[in-house]
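Below is one structure, written out as structure tokens; comments come after it.
The values are calculated or read from the model by the stated rules, or taken from the named source; none is laboratory data. Not measured: the values here are computed from a predicted model. Neighbour counts run over all protein chains shown; Cβ positions are idealised from the backbone, glycine included. Remember, those area values only see protein heavy atoms, side chains included, never the ligands or the DNA or RNA. Shrake-Rupley method; radii C 1.70, N 1.55, O 1.52, S 1.80 Å.
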Amino acid sequence: MDWPILIKALILGIVEGLTEFLPISSTGHLILMGDLLDFNDDKAKVFTVAIQLGAILAVCWEYRARLTAIVTSIGSKESNRFLLNLLIAFLPAAILGFLFIKTIKSYLFHPLPVAMALIIGGILILWAERRDHIVDVKQVEDMDWKHALKIGCAQCLALIPGTSRSGATIIGGLFFGLSRKAAAEFSFFLAIPIMFAATFYDVYKSRDLLQMEDLSMFAVGFMASFVSAWLAIRGLLRYISHHDFALFAWYRIGFGIMILVTAYTGLIAWSTG
């Protein structure tokens with residue numbers, strides 16, 4: 001058993017789960033942590049995508065009652081509207097990702113572009129929180145197709161690593177009139193189709209890199225991702241019931257600046273591609 005690899009898998013699984021549903025960019029953190037752990041080859045990239053499945057299943061588990069109710073009531077007006085909203089919000093990023101993901105990975109999946117995206121995203125969060133927040137949609141069930149389309153377009157920004165899928169959808173939701181809870185929950189639900197599709201597509205495309213001896217590494221990463229994501233989801237919902245997202249904005253800005261400073265001073269030799 002290769003303990004160093006399993007420890008890296010554990011660390012990356014925890015990072016994935018804790019950051020996937022917070023507006024701080026899981027992809028950005030995984031790129032940076034993979035760089036620090038010297039775990040950034042092609043197999044490592046497949047691993048970081050595959051362990052997203054653990055985070056997705058954490059959402060399914062946390063919202064199992066609501067998801068079951070939706071599935072068992074397909075055909076009703078409420079369920080049909082909810083599923084249509086998910087489909088509408090899913091399509092923009094899915095189409096752009098399918099067309100441009102290779103180019104994006106070639107040029108932007110590196111620490112310095114991630115740092116810039118973290119900082120810019122943090123500034124946008126502060127802007128979103130300091131403007132007048134007029135709430136038109138208090139609950140996810142109150143959304144219409146226009147809200148879904150706008151949030152789906154905002155999610156396209158998350159194709160840039162460091163932007164954050166949850167950050168783009170949550171802050172997009174705030175700009176478009178959703179309450180903080182509705183924006184966060186719709187971001188969770190929207191993660192299910194987009195992350196399932198991205199995970200299975202990327203793993204299938206890179207299946208030649210997968211070997212049986214890597215099973216323990218993937219299992220450790222999956223379980224760490226599931227548990228930490230479940231804790232992060234519950235923690236975020238409790239937090240935003242009394243606070244705004246400004247804390248995450250300042251974290252993003254500070255973390256991004258730290259990356260740029262360490263790169264400029266040579267303290268850390270971040271990869272550049």
> Could you give every pair whose Cβ atoms fall below 6 Å, whose first residue belongs to the range 149-163 and is among the basic types (Lys, Arg), and whose second residue is open to solvent by 20 Å² or more (accessible area, probe 1.4 Å), counting only separations of at least 6 or pairs across chains?
Replying inline: Lys150/Phe176
> Only one residue in Ser179, Ser166, Ser228, Ser216 is in contact (Cβ under 8 Å) with a residue 40 or more places away in the chain, open to solvent by 30 Å² or more (accessible area, probe 1.4 Å) and hydroxyl-bearing (Ser, Thr, Tyr), so which one is that?
Replying inline: Ser216
>> If Leu57 meets every condition in (1) over 18 Å from Asp202 (Cβ atoms); (2) hydrophobic (A, V, I, L, M, F, W, C); (3) modelled with pLDDT of 90 or more apart from one, which number is that one?
In response: (1)
>> Looking for something part of a loop (DSSP other than H, G, I, E, B), more than 15 Å from the chain's Cα centre (by Cα) and modelled with pLDDT under 90 - is there at least one such residue anywhere in the range 2-10?
In response: yes
> What is the number of the single condition among (1) out of contact with any His (no Cβ under 7 Å at 6 or more places or on another chain); (2) of a type outside the set (Lys, Arg); (3) assigned to a helix (DSSP H, G or I) that Val135 does not meet?
Replying inline: (3)
> Out of curiosity, is Ser206 at pLDDT 90 or above, closer than 24 Å to Leu32 by Cα and not hydrophobic (A, V, I, L, M, F, W, C)?
Replying inline: no
>> Can you list residue pairs whose Cβ atoms sit under 9 Å apart, with the first residue in the range 52-71 being closer than 13 Å to Ser228 by Cβ and the second being outside any helix (DSSP H, G or I) and at pLDDT below 95? Count only pairs 6 or more apart in sequence or on different chains.
In response: Ala55/Phe21; Ala58/Phe21; Val59/Phe21
> Looking at (1) assigned to a helix (DSSP H, G or I); (2) open to solvent by less than 30 Å² (accessible area, probe 1.4 Å), which is the one condition that is false for Phe39?
Replying inline: (1)
>> I'd like the full set of residues that are open to solvent by less than 100 Å² (accessible area, probe 1.4 Å) and at pLDDT below 90, limited to the range 122-158.
In response: Ala128, Glu129, Arg131, His133, Val135, Glu141, Ala158
> For the range 66-89, which residues satisfy the criterion of being exposed (fewer than 13 other Cβ atoms within 10 Å of the Cβ) and not in a helix (DSSP H, G or I)?
Replying inline: Ile74, Gly75, Ser76
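This table checks each residue for (1) in a helix (DSSP H, G or I); (2) in contact with a strand residue (DSSP E or B) (Cβ under 9 Å, 6 or more places away or on another chain); (3) small (Gly, Ala, Ser); (4) open to solvent by 20 Å² or more (accessible area, probe 1.4 Å).
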residue	(1), (2), (3), (4)
Phe188	yes, no, no, no
Ile192	yes, no, no, yes
Thr199	yes, no, no, no
Met223	yes, no, no, yes
Ile233	yes, no, no, no
Leu237	yes, no, no, yes
Asp244	no, no, no, yes
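Before we move on, is Ala249 crowded, with 16+ Cβ neighbours inside 10 Å, at pLDDT below 90 and either touching a Lys or Arg at 6+ places or on another chain (Cβ under 9 Å) or not aromatic (Phe, Trp, Tyr) (or both)?
Values: crowded, with 16+ Cβ neighbours inside 10 Å: yes; at pLDDT below 90: no; either touching a Lys or Arg at 6+ places or on another chain (Cβ under 9 Å) or not aromatic (Phe, Trp, Tyr) (or both): yes.
In short, no.
Go through the range 1-34 and give me each residue that's charged (D, E, K, R), crowded, with 23+ Cβ neighbours inside 10 Å and more than 23 Å from Ile268 (Cα to Cα). Spell out how you get there, then give the answer.
First, pick out the residues of the range 1-34 that are charged (D, E, K, R): 2, 8, 16, 20.
Pick out the ones that are also crowded, with 23+ Cβ neighbours inside 10 Å and you get 16, 20.
Matches in the range 1-34: Glu20 only.
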>> Looking at the range 183-192, can you tell me whether even one residue there is polar (S, T, N, Q), touching a residue at least 60 places away in the same chain (Cβ under 8 Å) and under 21 Å from Ile7 (Cα atoms)?
In response: no
